[in-house]
Amino acid sequence: MPMSIQRAILWDMDGVLADTNSLHFQTWERVLIEQGIPFDKQKFHHIYGLKNQDLLPYLAGEPLENDWIVMISTQKELAFRQAIHNHLLPLPGVLAWLQHFKSWGWKQAVASSAPTENVEAVVDELGIRDFFDKLITPGELPGKPDPAVFLEASRQLGIPANHCIVIEDSIPGVQAALHAKMHCIAVTTTNPPEALTQADLVVSTLDQLTVKQVESLL
């Protein structure tokens, strides 16, 4: 589906490119229990898609010193990057759609709340880095549901926001796409369909997404 108007696809990473949820839960559980912070799957569901700077004070129930947040985040993310080795595969439909969008001449970026080192580790583990023009992470930008990371991806790719389509699985991510005035395709890796109704399209997996559905967003 080549087009005269250039488009861009902005991929979230966790729960979209690969199902990393169980590895995130296991590494958070280990690190937080060592610090005496209670943690369970219900709490994990509530923090999913947030930056570490936002989720740790929420879990602790009080403001935290930035140095402590950095220390705990560093421990957890290092443990996560070690855990993904030989334990990740692309989710169904991901490779096919990466190839479709590339063949249409669309630009592609990862736009994730995850640390840059995690994004690089995951796309390299999956063997898909060459599909992406940019890997965008928040850095000092506010995390989702703020649209900053998607707007930064739009800026770096040189594609207007209204010509970008976001692929997300988290509620904050879908809200961020809405705030950025971008179309959004949501997959139900992490949340049930009824929690993702703000997205333009909701599919259980990307191998169920059709070209006709994508065309409907243009």
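The values are calculated or read from the model by the stated rules, or taken from the named source; none is laboratory data. What you see is a predicted model; the values in this text were computed from it and never measured. Ideal geometry is used to build each Cβ from the backbone, glycine not excepted, and the neighbour counts take in all protein chains shown.
Worth pointing out:
- Count - residues of the stretch 196-218 that are outside any loop (DSSP other than H, G, I, E, B) and loosely packed, with under 15 Cβ neighbours inside 10 Å: 6
- Criterion applied to Gly93, Gly105, Gly36 was being out of contact with any Phe, Trp or Tyr (no Cβ under 9 Å at 6 or more places or on another chain), on the phi > 0 side of the Ramachandran plot and not assigned by TED's automatic domain parsing to the domain that holds Asn191, and the one residue passing it is Gly36.
- The stretch 138-155 residues that are among the basic types (Lys, Arg), paired with ones that are assigned to a loop (DSSP other than H, G, I, E, B) (beta carbon under 6 Å, 6 or more apart): Lys144/Gly49; Lys144/Ser113
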